[in-house]
Structures are given as C-alpha cells and as structure tokens.
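This report concerns only the one structure given below.
Since every read-out is calculated from the coordinates, none of them should be taken as a lab result. Predicted model only: the values in this text are computed from it and were never measured. Positions of Cβ are generated from backbone atoms using ideal geometry, with glycine treated the same way; all protein chains shown enter the neighbour counts.
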Amino acid sequence: VRNLFLVRHGETLFNQEDRIGGDSDLTGKGREQANALAEHFATVRIPIIFTSNYKRTLQTATPIAERQHPCSIIALPEFNEIYAGQCEGMTYEEVRQQMPDVAKERGRNKYSYVYPDGEGYMTMEERVLRGLKKVFFLNNYSENIMIVGHRAVNRVILSCFLSRQEEEIPYIYMPQDRYYHIQIDPHKRIFELIAYRS
Ligand code: G3H
C-alpha cells in the first residue's frame with residue numbers, strides 16, 4: 001500500500017440534526033458528496049474500499065466503486081462508529097439538557113470518557129486498530145486503498161500515522177467535504193487534507 005485515502009461518509013439526516021450514532025441514510029447532499037468523490041477518484045485505481053457495516057459508509061462507497069473496474073467493497077464491523085450507548089440517537093443538545101453529567105464528564109476528558117452502556121475513544125481504539133490490521137492484510141498488494149469511515153473512527157485511524165497526544169485525538173478535524181491522503185513510506189510521511197469539490 002502506498003496511498004491510503006481516508007474518507008468520511010457523506011452527510012446524513014442525523015448529521016443535519018446533530019444527532020449521535022444511529023444508522024441513518026445519506027441526505028441528497030450526502031449522495032451528491034458521494035458522487036463528487038466518485039468523479040474525483042475516477043482516474044485513480046482503487047481496487048478495494050473498506051467501510052463499516054453502517055448504511056452511510058456503504059452508500060458513500062457504492063458510487064465510488066461503480067466508477068472503478070473492478071472494485072470490491074469490504075465492510076468491517078471494526079470500523080463501526082463509536083457506540084454511544086444510552087446517548088445513541090440523541091442530539092448533543094439533548095445530552096446537555098437531559099444528561100448534563102455525561103456532557104460535562106465527556107467535555108472534561110473526551111478521549112477516556114466512556115458513554116453509559118457504550119464506548120469511548122479509548123475503549124474503541126483496539127477494535128479500530130484490529131480493523132486497520134485487516135486492511136493491510138486484505139489489501140492484496142494494492143497500491144491504493146480507501147477507507148470510508150466515520151468521524152470518531154477516522155480520527156483514531158489518522159492518529160496512527162500522526163504523532164498526537166491521546167487527548168488530542170477526539171478533536172482531529174474530520175470534515176465531510178474533504179478527505180485525508182496518507183502516503184505510506186517508511187522514509188517520509190505525508191498527509192494532505194484534500195477538498196474533492198471545487
Ligand atoms: O456519532 C458520533 C460522532 O461522529 C463522534 O463525534 O466524538 O466528536 O462526538 P464526537
């Protein structure tokens with residue numbers, strides 16, 4: 001693998017409403033973002049795209065895969081988004097209103113905080129890294145690979161290639177209209193945040 005393209009899924013209804021977790025579909029804007037990614041990568045050979053099991057990553061990967069000849073999509077549960085337990089489906093504002101201790105504690109140390117009956121960045125890191133090992137094992141000597149993941153998952157993946165303090169990981173910038181291009185080279189590490197729409 002020489003190039004890892006780390007993409008976040010396109011916009012969903014939950015994103016629009018600022019809701020946590022769930023398994024919602026892409027919005028019209030999200031589908032446009034997926035089509036723009038497909039167009040952007042049409043001339044880059046990507047034989048495998050790894051996603052999570054959630055609809056939003058699969059719906060983002062599908063148009064990209066359709067522009068490649070051939071391309072397989074491999075969904076890994078290890079790349080499912082951080083599970084927010086009792087807070088799944090709530091908006092961040094609802095959490096602040098209805099579960100103020102959760103909002104306060106998470107704000108105090110977002111990396112080590114674990115949602116009630118759910119996960120935290122710290123506790124999901126191991127499974128995400130297991131997923132990343134699978135990616136390197138299953139890539140079939142491809143030069144380019146793509147992961148279409150989620151905000152928290154992609155932050156953890158990117159942190160493996162950056163020297164970042166743990167506490168900084170939950171705040172890494174992970175927009176939906178850009179992707180990270182990580183060049184994997186033992187002698188130099190190059191990261192670029194690239195906008196895929198003009
Ligand atoms: O639904 C989960 C979010 O994408 C994770 O973002 O860790 O900044 O709350 P957060």
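Of all residues in region 37-78, those being part of a helix (DSSP H, G or I) and touching an Asp or Glu at 6+ places or on another chain (Cβ under 6 Å) number 1.
If you take the residues in region 168-183 that are more than 13 Å from the ligand (Cβ to nearest atom) and charged (D, E, K, R), which one is nearest to I145 (Cα to Cα)? Per the stated criteria, the residue is R178. Remark: pairs (first residue in region 172-188, closer than 12 Å to L6 by Cβ; second residue assigned to a loop (DSSP other than H, G, I, E, B) and of a type in the set (V, I, T); Cβ separation under 6 Å; 6+ apart in sequence or on different chains) = I184/V1. Of all the numbered requirements in (1) surrounded by 17 or more Cβ atoms within 10 Å (Cβ to Cβ); (2) aliphatic (A, V, I, L, M); (3) over 14 Å from the mean Cα position of the chain (by Cα), L58 misses one, and that requirement is (3). Condition first: within 16 Å of the ligand (Cβ to nearest atom), over 22 Å from P175 (Cβ atoms) and in contact with a Cys (Cβ under 9 Å, 6 or more places away or on another chain). Can you find one or more residues in region 99-113 that meet it? Checking region 99-113: at least one residue is within 16 Å of the ligand (Cβ to nearest atom), over 22 Å from P175 (Cβ atoms) and in contact with a Cys (Cβ under 9 Å, 6 or more places away or on another chain).
Among the residues of region 1-36, the ones that are in a loop (DSSP other than H, G, I, E, B), of a type in the set (D, E, K, R) and either crowded, with 17+ Cβ neighbours inside 10 Å or away from the ligand (no atom under 16 Å from the Cβ) (or both) come to 2 in all.
Of all residues assigned to region 70-79, none qualifies as being touching a Pro at 6+ places or on another chain (Cβ under 7 Å) and of a type in the set (F, W, Y).
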